[in-house]
Amino acid sequence: MAPLPLEEAARAAEAAADRARAEILPRFRNVGVETKRDGSPVTEADLAAERAVRESLAGAFPHFSILGEEYGGHAAQGPCWLVDPIDGTIAFSRGIPLFATVIALLEDGEPVVGLIDCPAIGERYVGWRGGGCRRNGLPTRVSQETDLSRAIVSHGDPFCFDAFGRRDAFERMAREIPMLRGYTDAFGHGLVLGGGVGAMVDLALNLWDAAATQVLVPEAGGRCATLPEHEGKIGLVLGSPALVEQLLELLG
């Protein structure tokens, strides 16, 4: 079998993200919010953006399967796109511009292409296995900080630590890390990729929340450690390799 054209796939992901922006930005601060069965919010922007992304990706690679947060699907044999049209719907729905469209491509279950697009602030991270990571077209690297006392460390929402059975970890981080900040969701992952945030702990994630980051962080010179599943969810510790090692020890 011929290898996947990863750079071409990354360009297809970017084209799909452009389509998502066209659906999301006109609705930002101008859309109603509903609640899904699991209690999480959803807006017409989420639904319209995922429809646009699916159409764009299917046009570029018609034989790849697609699994998305809003319209489901399944990861069939062969390459599979993962789509989260708005990661950070809580922020989006409250008029906060710190949300992202996340697209990843899996090959044999492993992420090989990743994109995190933050349309409201005009930043896009994209990369593929062996191709590096770029922010708005320029190569980017994770922080090389080695000291937790000097690093900005980010975390997901405390309720995610609760859902993952690790409230103790959040409380220990709050006690021991001087510059602990709550830059949540894929927006926080982007800050790690840009090097400003040294590392991040993000728990209780779905596959479509994590897959792009799992390929982008190593391509930006960092480490992305995946924690064992808890009740069907996964956790990530990502960033400077030295900081990730220390955070894993802190988490126990």
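Just so you know, all these numbers are worked out from the coordinates, no wet-lab data involved. Note that this is a predicted model, so its numbers are computed, not measured. When we count neighbours, we look across all protein chains shown, and the Cβ atoms used for this are built from the backbone with ideal geometry, even at glycine.
Is one or more of the residues making up the range 42-50 assigned to a strand (DSSP E or B) and closer than 19 Å to Ile96 by Cα?
yes
Looking at Glu44, Glu107, which one is surrounded by fewer than 22 Cβ atoms within 10 Å (Cβ to Cβ) and either small (Gly, Ala, Ser) or more than 20 Å from the chain's Cα centre (by Cα) (or both)?
Glu44
Show the residue pairs meeting these rules: Cβ distance below 7 Å; 6+ apart or different chains; first residue within the range 1-22 and under 20 Å from Glu110 (Cα atoms); second residue in a helix (DSSP H, G or I).
What qualifies is Ala12/Leu57; Ala12/Ala60.
Suppose we keep only residues that are hydrophobic (A, V, I, L, M, F, W, C) and touching a residue at least 60 places away in the same chain (Cβ under 8 Å) within the range 147-169. Which one would you say is nearest to Ser40 (Cα to Cα)?
Only one residue tops the list, namely Ala163.
Does the range 74-90 hold any residues that are more than 17 Å from Arg11 (Cβ to Cβ) and in contact with a helix residue (DSSP H, G or I) (Cβ under 7 Å, 6 or more places away or on another chain), and which are they?
Leu82, Asp84, Pro85, Ile86, Asp87, Gly88, Thr89
(1) closer than 27 Å to Ala9 by Cβ; (2) outside any loop (DSSP other than H, G, I, E, B); (3) more than 11 Å from the chain's Cα centre (by Cα): which one isn't true of Gly190, the others all being true?
Tallying (1) closer than 27 Å to Ala9 by Cβ; (2) outside any loop (DSSP other than H, G, I, E, B); (3) more than 11 Å from the chain's Cα centre (by Cα), Gly190 fails exactly one: (3).
Among the numbered criteria (1) in a helix (DSSP H, G or I); (2) in contact with a Phe, Trp or Tyr (Cβ under 6 Å, 6 or more places away or on another chain), which single criterion is violated by Ala204?
Just one mismatch for Ala204, condition (1).
Out of Gly196, Gly235, Gly221, report the one residue that is more than 13 Å from Cys133 (Cβ to Cβ), in a loop (DSSP other than H, G, I, E, B) and not hydrophobic (A, V, I, L, M, F, W, C).
Gly196
Just to confirm my filter: which strands (runs of 3 or more DSSP E) fall fully inside the range 94-146 and include at least 2 residues that are touching a residue at least 60 places away in the same chain (Cβ under 8 Å) and of a type in the set (D, E, K, R)?
By residue number, 123-128.
Quick one: would you say Leu193 is surrounded by fewer than 24 Cβ atoms within 10 Å (Cβ to Cβ) and under 22 Å from Phe99 (Cβ atoms)?
So Leu193 does not fit the description; no.
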